[in-house]
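Visitor: Got a structure for you, written out below as structure tokens; questions coming shortly.
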Amino acid sequence: MAAHLTNGRVNLNILREAARKELREFLDKCAGSKAIVWDEYLTGPFGLIAQYSLLKEHEVEKMFTLKGGRLPPADVKNIIFFVRPRLELMDIIAENVFSDKSNSRDYHILFVPRRSMLCEQRLKEQGVLGSFTNIDEYILDLIPYDGDLLSMESEGAFRECYLENDQTTLYHTAKGLMTLQALYGTIPQIYGKGDCARHVANMMLRMKREFAGSQNQILPVFDTLLLLDRNVDLLTPLATQLTYEGLIDEIYGITNGYVKLPPEKFAQKKQGEGSKDLPTEPKKLQLNSAEELYAEIRDKNFNAVGAALSKKAKIISAAFEERHNAKTVGEIKQFVSQLPHMQAARSSLANHTSIAELIKDLTSKRSVQEHRNAFEADGFVFCPVASEAFFDNLTVEQEFMTGVDTDKVNTYIEDCISQKDPLIKVLRLMCMQSVCNNGLKQKVLDFYKREILQTYGYEHMLTLNNLEKTGLLKLQTNSRNNYPTIRKTLKLWMEDANEQTPNDISYVYSGYAPLSVRLTQVLARPGWRSIEEVLKMLPGPHFEERQQLPAGLHKKRQQGENRTTLVFFLGGVTYAEITALRFLSQMEDSGMEYIIATTKLINGSSWIKSLMDHPETQIP
Amino acid sequence: MAFITANWNPLGEAFYRKVELYEMSWVLRDGLRDSLVAAAPYGGPIAVMKESQCLSPSVRPQLDIYTASGVTMATFPWKSGPVVQLGWSVSEELLCVQQDGTVLIYDLTGAFLRHFSMGQEVVQSHVSEAKIFHSPYGTGVAIVTGSSRFTLATNIDDLKLRRLPEVPGLQGAPSCWAVLNQDRQTKVLLANGPELYLLDNTCCTSVVLPGGSPLDGVFVHIAVSFSYKYLALFTDTGHLWTGLANLQDKLSEVDTKIRSPPKQMVWCRRPQTQQPSVVVLWERLLLVVAVGGDTVQYPLDEACVCVGELDGVRLLSPSRHELLQEVPLVCEDIFKIASMGPGALLLEAHKEYQKSSQKADEYLREIKEQGMLGDAVRQCVEAAGHEQHTHTQKALLRAASFGKCFLTNLSPEAFVSVCRDLRVLNAVRDPSIGIPLTHTQYPVCVCVCRLVYRRLYPLAIEVCRYLKTPEYQGVSRILRHWACSKVQQKGESDEVMVRCISGRLADSPGISYSHIASKAYDSGRTELAIKLLDYEARSGEQVPLLLKMRRSQLALSKAIESGDTDLVYTVVSYVKNEMNRGDFFMTLRNQPVALSLYRQFCKLQEQETLKDLYNQDDDHQELANYYVSASYREKRLEARLSVLQSAVDEYNKAKNEFSSKATEEEMRLLRFQRKLDDEKGAGLLGLSLQATMEALLASGLQKQADHLYRDFRVSDKRYWWLKLKSLAEKEEWEELEKFSKSKKSPVGYLPFVEVCMKKSNKYEAKKYVTKVTPEQRVRAHLTIEDVEGAADAAIERRSEAEIGTVISHCSSSSSSSQRLLLDKLQRALTTANRK
């Protein structure tokens, strides 16, 4: 079920198993049949820990979504609320409990990831605290996503930390890292850059002091922990990711390891069903390294995916051809035994070919002929807009990243506003220009803001404000634009990025090397001391801490054995950054393998969206 | 050493020995007569109190607590009511059962801990007899009242009183009774004259002893073994019946020929016993009755008390403290006169060796010939554990060590562990400590805990260090205990106390200072508690106590330090209720972390408070933002406008010119929209400026749109886009052409081409292609699907990239014109390349 978690350098399934065990223990505490009432936000992350079958084994008979009013009828002994510790949810729970008339039931609350006195106080005020038999917490901080990836799936993390100065997520981060250390040993070295990183490291060190004496005797699996604030590198998430996985996320959005795709492309693939109606439900696919083909292509630049797919197609069809060579009963038997695997590979190939086609339609310039075909087939107007727009957008992004005309009003952005393109797209570009220019001149900034308010409405005033508060958008002060220095020192722009057989991380953005990953790379070799100047230009302190290991746990490293670093992105990480780190892990001479952890998997759009404010409008 | 068997007495097939543990250092004026005496098992402390009926009512009895060696630990006059029974709990707390059913609990130093009652009805009927017993659930108390009713509490730490059913025909006190522990149930076995009854929670059953031969006579004494497995009953005819406690089997029946009722009766057994026995005590005689029927008599010259142990019976007299036990088989094997056991030979060999006699070799040879040297060593090691006297222990261990030299593959583990255990045992057996534990009774944890109960901290720490107990479980716990008792002492100043405690505890891991602090607070030393809390590493732990002590400011900063935001919220909501609003805001102002958390809380829960918060901080920018979002909650336009006006004012105060202007514009726009809505029913209110103009153009209100364009200084580009799109949408092609000629287009002419093509009007689109700037011409041609035109334009511009774009647009069809075109482009490309 979770085989993909064990593939990597570090067996992350241990973490998942620990989480499952705890869940089972809690469920068994509530004897008898149960119904779970879910805080909807939690279902996704929980899906990565336990499927419905596990819940069913422990007598969970019904599942509901938490909402106001009465609970749906269910003939069960226990009602368990799985909720985040939020006051507004407590009010809903109170309403549920009050309106439930059957007296014979036991109520329980499971707080995820931590119980909260404030919430319990609220329940008490509402007069329902006494109705609960069990109030417990389910410590789910870091959720294993893939063999090298952990996420806390804390949606508002960046907003909380950088806009609202709310350090709740950071506390959970520190706790999560403590749990991780309890399972995988104390991490001897901690590096960090940024205010939040400093805060998390401080909390970790304090927690370690608090638990002094109860030290675990596990040989450390991780050699280094690197904590990075997202606001150290605001640029990377704004850029459009150009890896296969990154593009899927940019275009369709990957949530909790699943992507929902338009069904048309997948409809005709099924043979023998004739011309049934087109499925209307979006096609849902799980994306992780358990799928062999996906593991192979997800980290490729999209321009290299086509070749990889066709190569794979050849291999698979060759494998199917084998059957003609199978002469003896033994050979046939062997062939048949491989069939399930081959069929899985074939359907996987079909899926990814469809996805690649979908993406290609939206990203690359189609030939006239194809356009015409599309025109004739679908009755669409001849309209190259989608792909042209993608290309134009990319061009502008690359101009900004290379520092072309970043101090002037950009006509493309202006046009986008005139065309009323999606606001998020406009904001992404604007922020990018601001970041690449170390802020915009008053005139330019005001112009953009005015255009936005006039076009998209005055209510976006608050959103613009938020962007300014987080530094994504800012006014250029007297200080020099230091972005070019940073770009040059860290080699953020590589002119000759090789997309097919990459030799540098810059292939993930077809030229731009993500700043965050460059920092990671430099830390491993030759060390941050070589870039002191640049580090000073980036916000927040950088630091190094050591954690004492109990005697006898110092690793004796084998010749040529790689070191393992856990890179923790506070405030989110993009798939392309993950890919870049995977690339570094695989580089032969890097001597370092990376495991990635984050508060949330993000892309530019979801990120900007999390910073937007939508005042609930009352039409007067 | 020759005399080692001097105190041995044969009993059946085994030997019994009486070993002196201590010469008692206590001075008892009247001996142990007429006193309540309670001695805790496992060499525990002894409590002595004069029986109240022996004293005149005006005299207060004295309660004394001694160690097993008779050293006074506490002594104080008894001020409460008459005591029926004394006893010890498993954690060495002294239980005093009073006549009125109250049980008072004291610690080893005589400090009162707590009390509980055995039931309301007991106050009336009085306790006539009480027993304190130990079970796997802890320490229990059983009483029988004057009205012949039994009440049980199985665990004094989790008090649940159980009143047992009535016993039919029982008047007054039963002749004797005992508490049994069977099948995880606590029961009472009682005798009423010649009849026996078993009482459990629900019923009272009459029982008969198994094994025929009904005893004549009345039962006068019952004894249950240490493990609750065996039972002994004594009748007034002098018969002693022994059997299993489940009343299924009889072991034996012995006639002691002594008819007077015994004072005390105790089982004497040991694990792997050969010859269990019952020790019966009279005023002047101690009789050991083996189950097999053999007896040993010990005359007594003073009043004694027997204390049952796991592996024997301790005899407590005013002058001496002795241990009566069956001699362990190994000891018997070694020390029995003329024993030829391997251990005995080894001991002898070693003795000769020390005398440098060659006999040593002979003995050794003899053992070796039998191949028994390993056994010999094992015997000596084991026997050493069972011996009380250090010189015997040493002799045996030396012999074992000597024997070990001639063996190659003997595991040293047993030897090492016995040496280690003995070291600890000898230390605690020392008369100054007075815990006469035997090796059989020795479980380490209990030993250290008991030193701690006695406040023998240095020794406890020594033991922990010696045994290499992990700091966290051993030394730290001891130090915590020490500190807790330290803070309860009066006299020393806070500073001295804190320095003393922190100095001692400094680098011990896992010390909970908050625990110590709460002890200090409980004993009324708030200042000391606060000072101690400073040393607590876990900030989270400090908070609840600080709140309890009403140090909310300090609690708040500690909560922030912990990083646990929930904790911060908790303190904030506490502080909010405790202080008036002004002070509360001031407090928050000094704690930015708490302030921003509280703001978050207000955003979700108390919008109004949020406003006050910003006001108080003169945060005009945030206040303005607050008004902006508040304006959207207003249903009426006037109200909305007035809130927006507040926003404008605040933006002005914040010197945010842009925002104040933008807000003013929004107000103007809203007024305009309302006016138009009223006049024409246009439904514009709430739309953005752009959307408003769009709607106006769509419904032909050109003039109004133009007005907005000028009034709001809309950028030309955007307005042009808007207009041409709207014209194309309405397919007003002539108007569009006119508009294109009205003045030079600020957006260029490619948009004209595009909007036409959007409506699939190639004809109209073509009109504008020529006007497009050279840079965009290729694209314009491509937009109208004119590949050839695009090719010409590209070739003219000699742009590599553009030629490439055109090539990619060329279909791969094999029509000759296409092929020609491709060739042409390829050639142009090479020239462009060459350039």
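Visitor: What nm distance separates the two modelled labels at B:K653 and A:N165, each placed 7 Å from Cα along Cα→Cβ?
Guide: 1.8
Visitor: Rounding to the nearest 10 and keeping the result within 0 to 90°, find how far the Cα-based axis of helix B:494-505 lies from the longest principal axis of chain B.
Guide: 90
Visitor: Setting aside same-chain residues fewer than 8 positions from B:K741, which lysines have a Cα under 22 Å from its Cα?
Guide: B:K703, B:K717, B:K723, B:K725, B:K730, B:K758, B:K759, B:K762, B:K766, B:K767, B:K771
Visitor: Here's something else I'd like to know. Report the local net charge at B:E638: Lys and Arg +1, Asp and Glu -1, summed over other residues whose C-beta lies under 12 Å from its C-beta.
Guide: On the way: positive: B:K635, B:R636, B:R640, B:R671, B:R674; negative: B:E634.
After counting each charged neighbour, the total is +4.
Visitor: What whole number of Å gives the distance from the Cα centroid of the range A:180-258 to the Cα centroid of the range B:580-603?
Guide: 30
Visitor: Also, I was wondering about something else. Express the accessible area of the protein assembly as shown per residue in Å², computed with a 1.4 Å probe while the remaining protein chains stay in the model. Each step should come with its number before you reach the end.
Guide: On the way: 64640 Å² over 1455 residues.
Each residue of the protein assembly as shown exposes 44 Å² on average to a 1.4 Å probe.
Visitor: Next question. Per-residue mean of other chain beta-carbon atoms within 10 angstrom of the beta-carbon, peptide B:749-757?
Guide: Rounded to a whole number, the mean comes out at 1.
Visitor: Can you tell me how much longer the chain between A:E588 and A:K327 gets when fully stretched, taken as 0.36 nm per residue apart minus their C-alpha distance, in nm with one decimal? Please list the in-between numbers first.
Guide: Working: separation 261, 0.36 × 261 = 93.96 nm, distance 4.26 nm.
Using 0.36 nm per residue and subtracting the Cα-Cα distance, I get 89.7 nm.
Visitor: So what's the net charge close to A:L177: Lys and Arg +1, Asp and Glu -1, counting the other residues with Cβ under 13 Å from its Cβ?
Guide: Numbers: positive: A:K175, A:R206, A:K208; negative: A:D141, A:E545.
Result for the local shell: +1.
Visitor: Calculate what fraction, in whole %, of the accessible area of the protein assembly as shown sits on carbon and sulfur atoms when a 1.4 Å probe is rolled over the protein chains. If you can, show how the numbers build up before the last one.
Guide: Numbers: 32330 of 64640 Å².
After summing per-atom areas, the C and S share lands at 50 percent.
Visitor: For the range B:539-606, build the charge dipole from Cβ charges (+1 Lys, Arg; -1 Asp, Glu) around the Cα centre, then report which of B:L546, B:L604, B:L588 sits farthest towards its positive end.
Guide: So the residue we want is B:L588.
Visitor: Residues with beta-carbon under 15 Å from that of A:M63, excluding A:M63: net charge, scoring Lys, Arg +1 and Asp, Glu -1?
Guide: Details: positive: A:K34, A:K56, A:K62, A:K67; negative: A:D39, A:E40, A:E57, A:E59, A:E61, A:D75.
So the surrounding residues net to -2.
Visitor: Average partner chain C-beta neighbours within 10 Å, per residue of A:454-467?
Guide: Details: counts 16, 10, 4, 8, 14, 7, 1, 11, 5, 0, 3, 7, 1, 0.
Averaged over the peptide's residues, the number is 6.
Visitor: In nm, give the distance between the simple-model label positions of B:R184 and B:D522, each being 7 Å from the Cα along the Cα-to-Cβ direction.
Guide: Result for the modelled spin labels: 3.1 nm.
Visitor: Take A:T501 and A:N134, extend 7 Å from each Cα along the Cα→Cβ direction, and tell me the distance between the two endpoints in nm.
Guide: 5.8
Visitor: Further question: Long-range amide H contacts for A:G192: which residues qualify at under 5 Å (H placed 1.01 Å from N, peptide plane, sequence gap of 5 or more or a different chain)?
Guide: Close amide H contacts, sequence-distant or interchain: A:L227, A:F543.
Visitor: Using 0.36 nm per residue of separation minus the Cα-Cα distance, give me the extension gain between B:S91 and B:E634 in nm, one decimal.
Guide: Working: separation 543, 0.36 × 543 = 195.48 nm, distance 6.88 nm.
Fully extending the segment from B:S91 to B:E634 adds 188.6 nm.
Visitor: Among the trypsin sites (Lys or Arg not before Pro) within the range A:2-82, which fall in a DSSP loop and have no more than 14 other Cβ atoms within 10 Å of their own Cβ?
Guide: Numbers: sites: A:R9, A:R16, A:R20, A:K21, A:R24, A:K29, A:K34, A:K56, A:K62, A:K67, A:R70, A:K77; in loops: A:R9, A:K67, A:R70, A:K77.
Answer in residue order: A:K67, A:R70.
Visitor: With a 1.4 Å probe, what is the total accessible area buried between chains A and B, in Å² rounded to the nearest 100?
Guide: On the way: alone 29530 and 40700 Å², together 64640 Å².
Buried: approximately 5600 Å² between B and A.
Visitor: Can you give the FRET efficiency for A:T6 and A:K77, using 1/(1 + (r/R0)^6), R0 = 41 Å, r = Cβ-Cβ distance, to the nearest 0.05? List each step's numbers first, then the result.
Guide: On the way: r = 37 Å, r/R0 = 0.90.
Given R0 = 41 Å and the Cβ-Cβ separation, E is 0.65.
Visitor: Here's something else I'd like to know. A 20 angstrom limit on the alpha carbon distance is what I want to check against. Which of B:K486/B:K548; A:K420/A:K469; A:K311/A:K360; A:K420/A:K449; A:K67/B:K635 exceed it?
Guide: Numbers: B:K486/B:K548 22 Å; A:K420/A:K469 25 Å; A:K311/A:K360 18 Å; A:K420/A:K449 14 Å; A:K67/B:K635 27 Å.
Check vs 20 Å cut-off fails for B:K486/B:K548; A:K420/A:K469; A:K67/B:K635.
Visitor: Something else now. Given 0.36 nm per residue, what is the gain on full extension from B:V218 to B:K548 after removing their alpha carbon distance, in nm?
Guide: Working: separation 330, 0.36 × 330 = 118.80 nm, distance 6.15 nm.
Roughly 112.7 nm would be gained on extension.
Visitor: I've got another one for you. With the cut-off at 1.5 for a/c, could you classify the range B:539-606 from its C-alpha gyration tensor as rounded, prolate or oblate? Write down the numbers at each step before the final one.
Guide: Values: a/c = 1.75, a/b = 1.28, b/c = 1.37.
In terms of gyration-tensor shape, oblate.
Visitor: Also, quick follow-up: What size of dipole, in debye to the nearest 20, comes out for the protein assembly as shown about its Cα centre when the only charges are +1 on Lys and Arg C-beta atoms and -1 on Asp and Glu C-beta atoms?
Guide: Working: 176 positive and 180 negative charges, 402 e Å.
Approximately 1940 debye in magnitude.
Visitor: While we're looking at this one, here's another question. Provide a list, ordered by number, of residues in the range B:707-728 showing at least 50 Å² less accessible area with every protein chain present than when their chain is taken on its own, using a 1.4 Å probe.
Guide: Buried on complex formation: B:K717, B:R718, B:W721.
Visitor: Now for a separate question. For the range B:485-499 and the range B:308-361, what is the separation of their C-alpha centers, rounded to whole Å?
Guide: Using only Cα atoms to place each centre, the spacing works out to 50 Å.
Visitor: Could you state the number of Å between the C-alpha centres of the range B:236-250 and the range B:509-532?
Guide: With the range B:509-532 and the range B:236-250 each reduced to a Cα centre, they are spaced 55 Å.
Visitor: When a/c is below 1.5 the answer is rounded, else prolate if a/b is larger than b/c, else oblate, so apply that to the range A:385-480 with a ≥ b ≥ c taken from the square roots of the Cα gyration tensor eigenvalues.
Guide: Numbers: a/c = 1.87, a/b = 1.11, b/c = 1.69.
In terms of gyration-tensor shape, oblate.
Visitor: Could I ask something else about it? Say R0 is 30 Å: what FRET efficiency, to the nearest 0.05, do B:K355 and B:N7 get from their beta-carbon distance? Please list the in-between numbers first.
Guide: Numbers: r = 26 Å, r/R0 = 0.88.
So, using R0 = 30 Å, E works out to roughly 0.70.
Visitor: Within the range B:679-720, find all residues whose amide N lies under 19 Å from a label point positioned 7 Å from the Cα of B:K661 along Cα-to-beta-carbon.
Guide: Of the residues in the range B:679-720, B:689-690, B:708-719 have backbone N under 19 Å from the label point off B:K661.
Visitor: Give me the dipole magnitude in Debye, nearest 20, for the range B:539-606 about the Cα centre, with unit charges on the beta carbon: positive for Lys and Arg, negative for Asp and Glu.
Guide: 220
Visitor: Tell me the angle of helix B:565-578 to the major Cα principal axis of chain B, expressed in degrees between 0 and 90 and rounded to the nearest ten.
Guide: Result, in degrees: 90.
Visitor: Highest first, please rank the peptides A:424-430, A:405-411 by the mean number of other Cβ atoms sitting within 10 Å of their residues. Display every interim value, and only then the final one.
Guide: Numbers: A:424-430: 22.3, A:405-411: 16.6.
Top to bottom by mean Cβ count within 10 Å: A:424-430, A:405-411.
Visitor: Taking every residue in B:556-567, how many Cβ atoms of other protein chains lie within 10 Å of its Cβ, on average?
Guide: Values: counts 0, 0, 0, 0, 1, 3, 5, 15, 10, 11, 11, 4.
What the average comes to for B:556-567 is 5.
Visitor: Based on the alpha-carbon gyration tensor of chain A and its eigenvalue square roots a ≥ b ≥ c, which shape applies: rounded if a/c is under 1.5, prolate if not and a/b is larger than b/c, or oblate? Walk me through the intermediate numbers first.
Guide: Working: a/c = 1.22, a/b = 1.09, b/c = 1.12.
Here chain A falls in the rounded category.
Visitor: Further question on the same structure: So for each of B:334-346, B:455-467 I average, over its residues, the number of other beta carbons within 10 Å; can you give me the resulting order with the highest mean first? Display every interim value, and only then the final one.
Guide: Details: B:334-346: 20.1, B:455-467: 17.5.
By packing density, highest mean first, the sequence is B:334-346, B:455-467.
Visitor: Roughly how tilted is helix B:800-809, in degrees to the nearest 10 and between 0 and 90, from the longest Cα axis of chain B?
Guide: Taking the Cα atoms of chain B, the angle to B:800-809 is about 80 degrees.
Visitor: Would you please give the residues with an amide H less than 5 Å from that of B:Q275, counting only those at least 5 places away or on a separate chain, with H modeled from the backbone geometry?
Guide: Amide H neighbours of B:Q275: none.
The values are calculated or read from the model by the stated rules, or taken from the named source; none is laboratory data. Remember, it's a predicted structure, so these values are computed and weren't measured experimentally. Neighbour counts run over all protein chains shown; Cβ positions are idealised from the backbone, glycine included. The area values use the complete protein model at the heavy-atom level, side chains included, leaving out ligands, DNA and RNA. Shrake-Rupley method; radii C 1.70, N 1.55, O 1.52, S 1.80 Å.
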